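Peer 1: Mind looking over this structure? Questions follow.
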Amino acid sequence: MGKPLVFVQVSAYRDQQLKPTLESLFDEASAPDQLRVTICWQHARTERLPRVCTTHHIEVIDVDYRRSRGANWARRHVQKRWRGEPYSLIIDSHLRFAPHWDSMLVDMFQKLKTKGARKPAVTCYPPNFDPVTFPKGRSHVPLKIYKEKYYEGLLAHFAGVPLPFWRWLTEPIPAQFLALGFLFTEGSFNTEIPIDPAVYFFGDEITTGLRAYCHGYDLFHPHRVIAWHAYDRATRRCHWLDHDDWRCRDQRSLRHVRRVLKGEFVQGYPLGTVRTIADYERYIGLSLISKNEDNKCGDFG
């Protein structure tokens, strides 16, 4: 077996979908032996690792769920385990994959490079699936990410909308926003754009996407469905259900997000100098911070 080509990063918080996610990841890959997976497994004592973790090249960062500080804290722990693989895939722990997903992503990436994208990043909100009925009912229509609403005045809430005329597309399309539940790019992303653990939940994708754009990354959505995502949170235990201080974490995080979107320096998590915040706002056609939106927000749900 040669050196792995794809470093797959998984942040899993008390998620019963971790086992079928990993099985699908390897079963549907064109070259499963070319994958190296690291999981930040945040769990209770009674929750066990799936057997698949002992039959494939999988590294586990074992964390008592009570010590967890959120998804981006976990993502950063995983990201630090990059060992120079040429490609990197950041995913959630509740996915199913299309056949040959790995070769599809590498092919998209390389074609984007040949067409002039110096640092392409292929990212998306995958279509929804039901873990009980899958593969029945799954959609084959890729999604494009749009702004859904501002969250406390910050551009931090997005939605996936079916991509029109997708059957006629022959290559990925330019994207305005980045998704941390599915992000494929070059391995050096892991040192250039470290995931910011100070961001608790809302704001992680817009701050990471902004920093990537300012570092010269070009964002794209895949023109074919690569995977499916379980959006129903009833299928898993959410971090804020176990941590009574989540509102304090959220408010502290939102203050941090606001500073990043205003361009204030954050030690260890640089904004980038290839492009500016103004460049990004012109590109997406929106302001990152708004005082004119209804800023009321509810629970994460």
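Peer 1: Is it the case that some residue within region 75-91 is closer than 15 Å to ARG14 by Cβ and either assigned to a loop (DSSP other than H, G, I, E, B) or out of contact with any Leu (no Cβ under 8 Å at 6 or more places or on another chain) (or both)? First the steps, then the outcome.
Peer 2: So in region 75-91, the residues closer than 15 Å to ARG14 by Cβ come out as none.
No - not one qualifying residue is present in region 75-91.
Peer 1: Further, regarding this structure: Kindly state which helices (runs of 4 or more DSSP H) lie completely within region 211-301 and contain at least 1 residues that are hydroxyl-bearing (Ser, Thr, Tyr).
Peer 2: 246-261, 277-284
Peer 1: If you check VAL132, VAL106, which single one turns out to be hydrophobic (A, V, I, L, M, F, W, C) and touching a residue at least 12 places away in the same chain (Cβ under 8 Å)?
Peer 2: VAL106
Peer 1: If you don't mind, there's one more thing I want to ask. Could you list all residues from region 37-77 that are within 16 Å of the chain's Cα centre (by Cα) and either open to solvent by less than 40 Å² (accessible area, probe 1.4 Å) or at pLDDT below 95 (or both)?
Peer 2: Residues satisfying the conditions are VAL37, THR38, ILE39, CYS40, GLY70, ALA71, ASN72, TRP73, ALA74, ARG75.
Peer 1: Could you look through region 113-127, keep only residues that are open to solvent by less than 60 Å² (accessible area, probe 1.4 Å) and among the small types (Gly, Ala, Ser), and pick out the one that is nearest to the chain's Cα centre (by Cα)?
Peer 2: Looking at residues that are open to solvent by less than 60 Å² (accessible area, probe 1.4 Å) and among the small types (Gly, Ala, Ser), I get ALA121.
Peer 1: Tally time: how many residues in region 251-294 are open to solvent by less than 40 Å² (accessible area, probe 1.4 Å) and not small (Gly, Ala, Ser)?
Peer 2: Here the count works out to 10.
Peer 1: On to the next question. Applying the selection to region 248-265, what residues are under 21 Å from the mean Cα position of the chain (by Cα) and more than 16 Å from TYR280 (Cβ to Cβ)?
Peer 2: ARG249, ASP250, SER253, LEU254, HIS256
Peer 1: Return a yes/no flag: does region 204-216 have any residue that is modelled with pLDDT of 95 or more, open to solvent by less than 10 Å² (accessible area, probe 1.4 Å), among the hydroxyl-bearing types (Ser, Thr, Tyr) and out of contact with any Phe, Trp or Tyr (no Cβ under 7 Å at 6 or more places or on another chain). Lay out the reasoning, then the answer.
Peer 2: Just the residues of region 204-216 that are modelled with pLDDT of 95 or more, to begin with: 204-216.
Narrowing further to those that are open to solvent by less than 10 Å² (accessible area, probe 1.4 Å): 206-212, 214, 216.
Keeping just the survivors that are among the hydroxyl-bearing types (Ser, Thr, Tyr) gives 207-208.
Those left that are additionally out of contact with any Phe, Trp or Tyr (no Cβ under 7 Å at 6 or more places or on another chain): 207-208.
Taking every residue of region 204-216 in turn, at least one turns out to be modelled with pLDDT of 95 or more, open to solvent by less than 10 Å² (accessible area, probe 1.4 Å), among the hydroxyl-bearing types (Ser, Thr, Tyr) and out of contact with any Phe, Trp or Tyr (no Cβ under 7 Å at 6 or more places or on another chain).
Peer 1: With respect to CYS248, is the statement that it is out of contact with any Pro (no Cβ under 6 Å at 6 or more places or on another chain) and open to solvent by 50 Å² or more (accessible area, probe 1.4 Å) true?
Peer 2: When the stated conditions are applied, CYS248 passes them.
Peer 1: Does region 14-32 contain at least one residue that is open to solvent by less than 50 Å² (accessible area, probe 1.4 Å), among the aromatic types (Phe, Trp, Tyr) and over 26 Å from VAL132 (Cα atoms)?
Peer 2: Among the residues of region 14-32, not one is open to solvent by less than 50 Å² (accessible area, probe 1.4 Å), among the aromatic types (Phe, Trp, Tyr) and over 26 Å from VAL132 (Cα atoms), which makes the answer no.
Peer 1: Please tell me if ARG224 is buried (at least 23 other Cβ atoms within 10 Å of the Cβ), among the charged types (D, E, K, R) and within 20 Å of SER88 (Cα to Cα).
Peer 2: On the way: buried (at least 23 other Cβ atoms within 10 Å of the Cβ): no; among the charged types (D, E, K, R): yes; within 20 Å of SER88 (Cα to Cα): yes.
Answer is no for this residue.
Peer 1: Can you tell me which residue is farthest from LYS111 (Cα to Cα) among those in region 167-187 that are assigned to a strand (DSSP E or B) and touching a Leu at 6+ places or on another chain (Cβ under 8 Å)?
Peer 2: Filtering region 167-187 for residues that are assigned to a strand (DSSP E or B) and touching a Leu at 6+ places or on another chain (Cβ under 8 Å), the one farthest from LYS111 (Cα to Cα) comes out as PHE182.
Peer 1: Being at pLDDT 95 or above, closer than 22 Å to TYR13 by Cβ, surrounded by 21 or more Cβ atoms within 10 Å (Cβ to Cβ) and touching a Cys at 6+ places or on another chain (Cβ under 8 Å) is true for just one of ALA230, ALA198, ALA179. Which residue is that? Break it down into steps so the answer makes sense when it comes.
Peer 2: Values: ALA230 fails: touching a Cys at 6+ places or on another chain (Cβ under 8 Å); ALA198 fails: touching a Cys at 6+ places or on another chain (Cβ under 8 Å).
ALA179 is the lone residue from the list that is at pLDDT 95 or above, closer than 22 Å to TYR13 by Cβ, surrounded by 21 or more Cβ atoms within 10 Å (Cβ to Cβ) and touching a Cys at 6+ places or on another chain (Cβ under 8 Å).
Peer 1: Let me ask another. Could you tell me how many of the residues in region 78-105 are in contact with a strand residue (DSSP E or B) (Cβ under 8 Å, 6 or more places away or on another chain) and open to solvent by 40 Å² or more (accessible area, probe 1.4 Å)?
Peer 2: Residues of region 78-105 that are in contact with a strand residue (DSSP E or B) (Cβ under 8 Å, 6 or more places away or on another chain), as a first pass: 78-79, 81-83, 85-98, 101-102, 105.
So of that shortlist, the ones also open to solvent by 40 Å² or more (accessible area, probe 1.4 Å) come out as 81-83, 86.
Result for region 78-105: 4.
Peer 1: What are the pairs with Cβ atoms under 9 angstrom where one residue, in region 21-40, is on the phi < 0 side of the Ramachandran plot and touching a residue at least 40 places away in the same chain (Cβ under 8 Å) and the other, located anywhere, is open to solvent by 10 Å² or more (accessible area, probe 1.4 Å) and hydroxyl-bearing (Ser, Thr, Tyr)? Sequence gap at least six, or different chains.
Peer 2: Taking only residues 6 or more apart or on different chains, the pairs are ALA29/SER103; SER30/SER103; ALA31/SER103; ILE39/SER11.
Peer 1: Do we have PRO164 as assigned to a loop (DSSP other than H, G, I, E, B) and open to solvent by 40 Å² or more (accessible area, probe 1.4 Å) here?
Peer 2: On the way: assigned to a loop (DSSP other than H, G, I, E, B): yes; open to solvent by 40 Å² or more (accessible area, probe 1.4 Å): yes.
So PRO164 passes the test.
Peer 1: So which residues in region 128-156 are in a loop (DSSP other than H, G, I, E, B), in contact with a Ser or Thr (Cβ under 6 Å, 6 or more places away or on another chain) and either open to solvent by 10 Å² or more (accessible area, probe 1.4 Å) or of a type in the set (Val, Ile, Thr) (or both)?
Peer 2: Across region 128-156, the qualifying residue is only PRO131.
The values are calculated or read from the model by the stated rules, or taken from the named source; none is laboratory data. Values in this document were obtained by computation on a predicted structure and should not be read as measured data. As a convention, Cβ positions derive from the backbone with ideal geometry for all residues, glycine included, and neighbour counts pool all protein chains shown. Quick note on the areas: whole protein, heavy atoms, side chains included, nothing else; ligands and nucleic acids left out. Shrake-Rupley method; radii C 1.70, N 1.55, O 1.52, S 1.80 Å.
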